[in-house]
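Have a look at the structure below before the remarks.
Derivation of every value follows stated rules applied to the coordinates shown; laboratory data play no part. Not measured: the values here are computed from a predicted model. Quick reminder, even Gly has a Cβ in these numbers, built from the backbone with ideal geometry, and neighbours come from all protein chains shown.
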Amino acid sequence: MLPNRLTPVLAAHALWHADYQAGKNSIDADTRFRASGERIVRMLLLPGLFENPYLDLRPRRSSPAPTRSRTASTPSSTRWSC
């Protein structure tokens, strides 16, 4: 016997499939449920993409290169400043 938490999901799948067979939905239940599962997994595995909704993800044409600052106490290869 299936656990109770799975019963509503299977019932929703059956309803969606019945509507698909009747012509009410254009996507079958398996395709829709797989797409939904993929979205859920992506949100769980890639949380950094959803932390800042105002982040501009378009690639920039040029980015400023970091400049080296030399000091007497640290070698130039270990210290960077922008």
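Key figures for this structure:
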| quantity | calculated |
| --- | --- |
| Under-5 Å amide H pairs with ASN25, H placed in peptide plane, nonlocal only | TYR20 |
| Per-residue HN-Hα couplings for segment 5-11 [Karplus 6.51, -1.76, 1.60; θ = phi - 60°; Hz; x = Gly/Pro] | 5, 8, 4, x, 5, 5, 5 |
| PHE33-ARG5 pseudo-label distance in nm [points 7 Å out on the Cα-to-Cβ vector] | 1.7 |
